[in-house]
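Scroll down for the structure; my scribbles are underneath it.
Derivation of every value follows stated rules applied to the coordinates shown; laboratory data play no part. On a predicted model such as this, the values are computed, not experimentally measured, just so you know. We place every Cβ from the backbone using ideal geometry, glycine too, and count neighbours over all the protein chains shown.
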Amino acid sequence: MYDLPFLDLPPLTGAAGTVRLPGSKSISNRVLLLAGLCEGQTLVHDLLDSDDTRVMLDSLGRLGCGVEPGTAGGPLRVTGLGGRLQVHEAQLFLGNAGTAMRPLTAALALLAATQGGNFELSGVPRMHERPIGDLVDALRQLGCGVEYLGQDGYPPLRLTGAAGGRVDTAAPIRVRGDVSSQFLTALLLALPLVSADGAITVEVQGELISKPYIDITLKLLARFGIEVQREGWERFTIPQGSAYRSPGEVWVEGDASSASYFVALGAIAATDAPVRIEGVGSESIQGDVAFVDAARAMGASVHLGPNYIEVQRGAWPLRAIDLDCNHIPDAAMTLAVMALYARGSTRLTNIASWRVKETDRIAAMAAELRKVGATVVEGEDFIEVSPPPASGWKAGAIHTYDDHRMAMCLSLAAFNPLASADPVVPVRILDPRCVAKTFPDYFETLFSLSTTERSLVPVITIDGPTASGKGTLASSVAQALGYHTLDSGSLYRVTALAALTRGVDTTDGPAMAALARGLNLRFEGERLWLDGRDVSGELRREEVGTTASRISALPELRAALYAVQLAFRRAPGLVADGRDMGTVIFPDAPLKVFLTASPAMRAERRYKQLISKGISASIDELRADLESRDERDRNRLIAPLKPAEDALLLDNSAQTVEASTDIVLKWWAQRGPFGDGGTPQS
Ligand code: DC
């Protein structure tokens, strides 16, 4: 999935199954910081592995914390600083991770002010547009040295101080709470570093937003021995003598915001069996589980267990809602997309914080929902979404603005067949890799839970004679599109190998068909396992190839392998290579390529392939062999090797793999609704 410029989601029609959520980003980064600041070791279980946690881990490592990754899914071991700086100068790059930038700024500003230091904190360009002024103002009240290195009010920052310095905590520290709750979180996480001499009080100015996130902060501080006293949502006091104490072990809950996509998936598409989401539930400390109530209001049928959520479709179409979403800012984005499946207009209010997140999410959401056909009204702090009429769905190339939640939310537009869209449309997600911020396997997970009609899943067929480079081209095209591959020749080869090993008569059609039907196969990328043994290497043996060519003329065997091959047609799409992909197996494929290369060229390629594997060979013999195999494949009665009538011919004798791939991708773009793939991301 990495470095894909785009991923096309075919129209999807159903969903069921179980998803185990990755760890919560909010909890992961708070726990990492607390483990990094406290004394001793903390074992962190189920940590989210993502861009944002990686920058936090990297920073802690640079600051001298011990960070030992867990082996084979085991817990991460963090050895904390015990409040004493080990490194007094560092430059930290924090990507676009607000959950790293804000708390590290607070912690390092306080540590530098008391123990001496010089730290520079920066991020990607978008990070330098995300406000931090309110936090800096609060830190300056304490006497910390904070300097803006770019624009006032925004990162990058320099934090300085001299050893033996003091911070002034006598007066209450005032911090604004109406732009981002992360400023308050940052202070609360960091202030125990200096609470030895007296209680410290923080006063919130303005109406505090995103209160549930503060709740997460307070609960995690309690796990690390800090009992913050709270008066309403205005005053927070850290008692004198508070000191971080490692709980020894911590388990990170699943990400409740990520759960929202699968709750929505269940509400929209789980008509038969539920979608079960494991890792969060009624006992969660994350406020975003309140999303479940909003989803229920829209019609979802939800069963909430302590550590899981089961969702099925309830009301359909969904019900439009008018909801103040201040308490669930991240998950509320998912409601905006559920609105595509509601009757009437859904209005989400009190969401001004969307404008200062990974991107301006109100503007982004409005623009991208319009691309799929919705009518959207946006205001400074609200969004109102009306679904497209059945005939108004459009194939949109969705910009994701380096915002994981935009990518995950908009993927749900692919279920337009369930809204009776006519015609049904695919959805193109640009830069799909941005989901790595919180959910690296999001699309794989979505596809594994989703169902669709086979005819809606796009297939590119690449047929051609032996050693024409079909397999290489198919893999390369599949990689560029994020599609699955089917190397159909390997099915004939593996059947041949099994027959040779087990002594089955390779001329006995019914026996060979029975053998093929009973094969215990596992595909993993380009590799193939037979009965739990990786046989990818053995399949390339000449004897296996020759036997494969002979048995492939058996009608009973071809019939037995038919269903096996059809099953490879799964979302998001398939690139299938062989002899009869375009003629027999996938005759409705929208793009069929017939690949050829001169016999001399093919013999030379096969020769190089064998020599590179240390197998001796003669070019002349190889050429004679492949010509006789062509002859046999072309002249057999059933599924002979020939181009489909609507196939495009590609002679790659003089082409590199890259050049051939580009040609196929160009043909593919011409067939799809997205033209050149949309304009580049801003
Ligand atoms: O592409 P390959 O060399 O791995 O294929 C091995 C044999 O399998 C080939 O000689 C013909 C047969 N084959 C076929 O009949 N139909 C296919 N779709 C793929 C391969």
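Close amide H pairs (under 5 Å, H built 1.01 Å from N) link residue 149 with 157, 158, residues at least 5 positions away or on another chain. In a reduced charge model with +1 at each Lys and Arg Cβ and -1 at each Asp and Glu Cβ, region 399-519 shows a dipole moment near 160 debye about its Cα centre.
Among the GluC sites (Glu not before Pro) in region 248-299, those placed in a DSSP loop whose Cβ has at most 12 other Cβ atoms within 10 Å are 283. The residue among 345, 520, 23 whose Cα reaches farthest toward the positive pole of the charge dipole of the chain, with charges on the beta-carbon of Lys, Arg, Asp and Glu, is 520. When you filter the GluC sites (Glu not before Pro) in region 105-179 for DSSP loop state and at most 16 other Cβ atoms inside 10 Å of their Cβ, nothing is left. Sorting 127, 406 by the number of Cβ atoms found within 10 Å of their own Cβ, with the fewest placed first, yields 127, 406.
Of the chymotrypsin sites (Phe, Trp or Tyr not before Pro) found in region 1-110, those that fall in a DSSP loop while having at most 10 other beta-carbon atoms within 10 Å are 2. With R₀ fixed at 45 Å, the C-beta to C-beta distance from residue 656 to residue 533 puts the FRET efficiency at about 0.85.
What number of lysine-lysine pairs in the chain show an alpha-carbon separation below 26 angstrom, given a sequence spacing of 8 or more or placement on distinct chains? The number of close lysine pairs in the chain is 24.
For an R0 of 22 angstrom, estimate the FRET efficiency from the Cβ-Cβ distance between residue 646 and residue 422 and round to the nearest 0.05.
0.30
About the centre of its Cα atoms, region 118-181 shows a dipole size close to 100 debye [charges on the beta carbon of Lys, Arg (+1) and Asp, Glu (-1) only; nearest 20 debye].
Scanning residues 5 or more positions from residue 19 or on other chains, those with amide H under 5 Å from its amide H are 276, 277, 278, with H placed 1.01 Å from N in the peptide plane.
For the chain, the dipole from Cβ point charges (+1 on Lys and Arg, -1 on Asp and Glu) about the Cα centre works out to 780 debye, to the nearest 20.
Rg/Rh for region 272-339 (Cα atoms only, Rh after Kirkwood) is 0.95. Using every pair of separate Cα atoms, the Kirkwood estimate puts the hydrodynamic radius of region 541-681 at 17.3 angstrom.
Its alpha carbons give the chain an Rg and a Dmax of 29.3, 93 Å.
Stretching the chain fully between residue 375 and residue 126 yields a gain of 86.9 nm (0.36 nm per residue, less the alpha carbon separation). Considering only 182, 474, 60, and ranking their Cα positions along the charge dipole of the chain that arises from unit charges at the beta-carbon of Lys, Arg, Asp and Glu, the one farthest toward the positive end is 474. Fully extending the segment from residue 227 to residue 543, taken as 0.36 nm per residue of separation minus the present Cα-Cα distance, adds 106.5 nm.
Given the rule -39500 (n - 2.57) for each run of at least 4 DSSP H residues, summed and divided by the residues of the chain, what is its mean residue ellipticity at 222 nm, to the nearest 500 deg cm²/dmol? Before the final figure, lay out each step's value.
Numbers: 20 runs with 233 residues, N = 682.
Using -39500 (n - 2.57) per qualifying helix, the result is -10500 deg cm²/dmol.
log10 I(q)/I(0), Debye, Cα-only region 249-365, no solvent, q = 0.17, 0.18 Å⁻¹? Scattering profile of region 249-365, log10 relative to I(0): -0.79, -0.88. Computing Rg and the Kirkwood Rh from the Cα coordinates of region 160-263 gives a ratio, Rg/Rh, of 1.02.
Were the residues from residue 147 through residue 197 laid out at 0.36 nm apart, the gain over their Cα-Cα distance would be 15.3 nm. For region 626-667, the equivalent ellipsoid built from the Cα gyration tensor has semi-axes of 26, 14, 6 Å, listed from largest to smallest. Less than 5 angstrom separates the built amide H of residue 67 from those of 79, all sequence-distant by 5 or more or on a different chain. Projecting label points 7 angstrom from Cα along Cα→Cβ for residue 519 and residue 634 puts them 2.7 nm apart. Computed from the Kirkwood radius of its Cα pairs, the Stokes-Einstein diffusion coefficient for region 386-488 at 20 °C and 1.002 mPa s stands at 136 µm²/s. Counting only DSSP beta bridges with both residues in the chain, tell me the antiparallel percent, nearest 5. Of all bridge pairs located within the chain, approximately 55 percent are antiparallel. Ordering 557, 572, 610 by Cα displacement along the dipole of region 540-674 toward the positive end leaves 572 in first place; charges were set at the Cβ atoms of Lys, Arg (+1) and Asp, Glu (-1).
Measuring from centroid to centroid over Cα atoms, what is the spacing of region 207-264 and region 567-641 in Å? Taking the Cα centre of region 567-641 as reference, the centre of region 207-264 is 60 Å away.
Let a ≥ b ≥ c be the square roots of the eigenvalues of the Cα gyration tensor of region 61-183; is it rounded (a/c under 1.5), or, if not, prolate (a/b larger than b/c) or oblate? In terms of gyration-tensor shape, oblate.
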